[in-house]
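Bear in mind these aren't lab numbers, they're just calculated from the coordinates by the rules spelled out. As the structure is a computational prediction, the values presented were derived from the model and not from experiment. Counting neighbours? That spans all protein chains shown, and the Cβs are built from the backbone with ideal geometry, glycine included.
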């Protein structure tokens, strides 16, 4: 058996290999050839001291290894020849040849050749201005052609091809991204140091469980809003939009849904449910998801009913109910959350109707009389049947709620509070964990970015790296590590 001969200067053999594997995972799975070709075209006949692909790999490495500035990345490249080689730079140390000098000997008065001491060897690492020019070109290409963020489409399709259930459960969240600007206007120009950004405000309301008193918190920031759609099972981004902070999330979500499902029709066929918090509660959004794409919306419902709260007998400890059928007097009522009840016309007792599932062919939610389902005694059963103009017999009364005839904000194919709704909505927390990684893993909690083009490029870079790392893990069969950013990669025996 012929022994394996390692190259003399193969820096992959050093101990840093385990850390570099995460970089290789991203480098080898990024569909970046169109971007590199465009960057090479921009360079044209200019100096090629540092190859475009090496500069691009260095920028990627800076994000993978969580450097908060270019200067920090340059220091890392200067002391880490293995990373220098992995990026594509010349990893051999350089040393300038000393130049001979003629020096007059003070003792003899003759001119003699003097060879100074050679300078200390150094690595050929790009300077800050090299990176500055490169990043300007990168930002320009993103602004004109979206070549960085555009990689998400290819990565999305590749992940779907390798992971059969990727995209089955999706969700949305809006995240505030502060600009590196105070938002204060210059007295002379009337502009801020980031004219692309503006002020945003996010209000959160609720009721204290102990005191029953309503509360409200208001968060304001100057910068942008990141609109993110992700797979909530694997916690991997799927698409994003970046807008000024004041931009509405409602309209942007619908725009993104149409865009994503049109770009990747297979994703619309594969997706089963879509979750979002109550701030995205909207009849138009829920109807779009189900009517157009047959995706079940799992979006928390806001409580907007106000008229009943003005009545003298209003009890804040009980949910407000209204008649389900407004065209007749009936015993069926519902809450704003979509919970359906029946009201015993004799005793006044309120019971939850038994949910029997969603009939897709009829586009109806099906409920059954709780007395017949659970074998309970109902004194007003006869009056209930007369009110509904039915004669169901022992099986009990059936209530069908046609979505097209009811409030689409309140009634959805998967009822609020049902076990399947709770399971699906719980997966929405994946968006919060992704946002946490964006802040802490990719440095957006503390950054120095101003301007829409720079911010979009930097966010796009972070998200495509996250997706490329997940793709690399998936190809290697490490599905449990798809969401990991810093966990060491175990080497095969």
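What to note about this one:
- Footprinting exposure proxy for 97, 475 (fewest neighbouring C-beta atoms within 10 Å first): 97, 475
- Efficiency of FRET from Cβ geometry, residue 218 and residue 263, R₀ 41 Å, rounded to 0.05: 0.70
- Sorted fewest first by neighbouring Cβ atoms within 10 angstrom, 101, 249 come out as 101, 249.
- Across the range 139-211, the volume of the C-alpha convex hull divided among the residues equals 182 Å³ per residue.
- Modelled FRET efficiency - R0 22 Å, residue 37 with residue 140, Cβ distances, 0.05 increments: 0.90
- Classified by the C-alpha gyration tensor, the range 339-493 has a prolate form. Its axis ratio a/c, with a ≥ b ≥ c, is 1.5 or above, and a/b is larger than b/c.
- Direction-averaged projected area, Cα convex hull, the range 318-415: 6.3 nm², rounded to one decimal.
- The range 185-303, relative contact order [Cα under 8 Å, separation at least 6], %: 17 percent
- When each of the peptides 344-352, 225-233 is scored by the mean number of other C-beta atoms lying within 10 Å of its residues, the order from highest to lowest reads 225-233, 344-352.
- Ratio of the Cα radius of gyration of the chain to 2.2 N^0.38 Å, where N counts its residues: 1.35
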